[in-house]
Amino acid sequence: MAALTHIPVLLAECLTGLKIKPEGIYLDGTFGRGGHSRAILEQLGPQGRLIGLDRDLTAVAVGQELAQSDARFTIVHTPFSRLRAVAAELGLLGQVDGILLDIGVSSPQLDDGARGFSFDKDGPLDMRMDQSAAKSAQQVIATYDEKQLAYIFKVYGEERFASKVARAIVKRREQTPFTSTKDLAAVIAGAIPGKPTPKHKATRCFQALRIEVNSELDELKQALQGALDVLAPGGRLCVISFHSLEDRIVKNFMRDQSTGTKIPSHIPLTAAQLDELRAQSATLDLVGGPHKASEAELEHNVRARSATLRVAQRLNYQPASPDESLMG
């Protein structure tokens, strides 16, 4: 199976952030079509190793082709939330030199109308990143009540008119069920006041549906927490996000892990003692500020405009207990 055209976002910045060692062990938690993975492999030596994860069956098929041609690479069909479990199964807890997570929907997924991620191409209401998963966008639209729909549109899509949209969907489905992306997008757009804008009115609600179908924010939180046990001391964590909800989770996680334990103000400790305690409990060190795509990159890949890369480095490492290493 030939890899579909896909331009890896912030590629140079990711490679710099990972600080690749030729003999190192790396994990690409979002293999996609392998753009980042292939670039990492180019910098690895014969003893280097790269593990790719993806829950998209099409992406896994592309990864299997790469694994057949390069023995340093392994592909695993699993969501990146299980990266700790995968590392434990491979005996790599605390040994991985770098983890890359490119969060969100990929260009090939968006461009394939049959996957149902985009309102630009008519297709089924699917939106599953893992085609073997049970929950689809059609199921959400058909079974969630008005309050549930309004919640996901407001919280995951940050849509001002979430209640109006939810009400319109429920009213319409009582007459005719939704089956296509363009049909749903038209109803959403009709429920949102105001004139048409360059940004389609259904954009936020489609984002919210996709997040709900794939449990994306929970997956991200689990992956970030798992990365702490997977990274070796000095190992790098690089995360690319594409909207504020994701980036806020990444930013807050890295910040909290870099500041260490928060000591209550009433504890009688000197400033020096407080600093020492925080330093001992911190697990990550922030590496630079957030990175955005350059003008040169945007000329070739407009979808990179909303991408934000954050990088952190693992400090100390406490080996997991045997029981913990079996946890997913």
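Residue count for the range 127-144 under the criterion of being within 17 Å of residue 188 (Cβ to Cβ), open to solvent by 20 Å² or more (accessible area, probe 1.4 Å) and of a type outside the set (Ser, Thr, Tyr): the result is 2. Pairing residues of the range 48-70 that are within 21 Å of residue 103 (Cα to Cα) with residues that are among the small types (Gly, Ala, Ser) and open to solvent by 20 Å² or more (accessible area, probe 1.4 Å), at Cβ distances under 8 Å and at least 6 apart in sequence or on separate chains, gives 55/133; 56/106; 57/132; 59/106; 62/3. Here is the figure for the range 230-250: residues that are assigned to a helix (DSSP H, G or I) and under 17 Å from residue 53 (Cα atoms) total 1.
Which of the residues spanning the range 124-145 are outside any loop (DSSP other than H, G, I, E, B) and either more than 22 Å from residue 217 (Cα to Cα) or of a type in the set (A, V, I, L, M, F, W, C) (or both)? Result: 124, 137, 140, 141, 142. Selection over the range 183-197 of residues that are under 21 Å from residue 110 (Cα atoms) and at pLDDT 95 or above gives a count of 7. Checked against (1) at negative phi; (2) at pLDDT 65 or above; (3) in contact with a strand residue (DSSP E or B) (Cβ under 9 Å, 6 or more places away or on another chain); (4) open to solvent by 30 Å² or more (accessible area, probe 1.4 Å), residue 254 passes all but a single condition, namely (4).
This table checks each residue for (1) modelled with pLDDT of 95 or more; (2) surrounded by 24 or more Cβ atoms within 10 Å (Cβ to Cβ); (3) more than 26 Å from residue 132 (Cα to Cα).
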| residue | (1), (2), (3) |
| --- | --- |
| 33 | no, yes, no |
| 47 | yes, no, yes |
| 50 | yes, yes, no |
| 55 | yes, no, no |
| 65 | yes, no, no |
| 68 | yes, no, no |
| 83 | yes, yes, no |
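Flag: residue 173 matches the condition of being in contact with a helix residue (DSSP H, G or I) (Cβ under 8 Å, 6 or more places away or on another chain) and open to solvent by 50 Å² or more (accessible area, probe 1.4 Å). Pairing residues of the range 156-171 that are of a type in the set (Val, Ile, Thr) with residues that are open to solvent by 60 Å² or more (accessible area, probe 1.4 Å), at Cβ distances under 6 Å and at least 6 apart in sequence or on separate chains, gives 170/146. Where residues in the range 97-114 are part of a helix (DSSP H, G or I) and open to solvent by less than 20 Å² (accessible area, probe 1.4 Å), which of them is modelled with the highest pLDDT? Going through the qualifying residues, I end up with 113. In the range 185-200, of all residues being closer than 13 Å to residue 153 by Cβ and more than 28 Å from the chain's Cα centre (by Cα), the one that is surrounded by the most Cβ atoms within 10 Å (Cβ to Cβ) corresponds to 191.
The values are calculated or read from the model by the stated rules, or taken from the named source; none is laboratory data. It should be emphasised that the depicted structure is a prediction, and the values quoted were computed from it without experimental measurement. Heads up, the Cβs are rebuilt from the backbone with ideal geometry, glycines too, and the neighbour counts pull from every protein chain shown. Heads up: the accessible areas ignore ligands, DNA and RNA and are worked out on the full protein's heavy atoms, side chains in. Shrake-Rupley method; radii C 1.70, N 1.55, O 1.52, S 1.80 Å.
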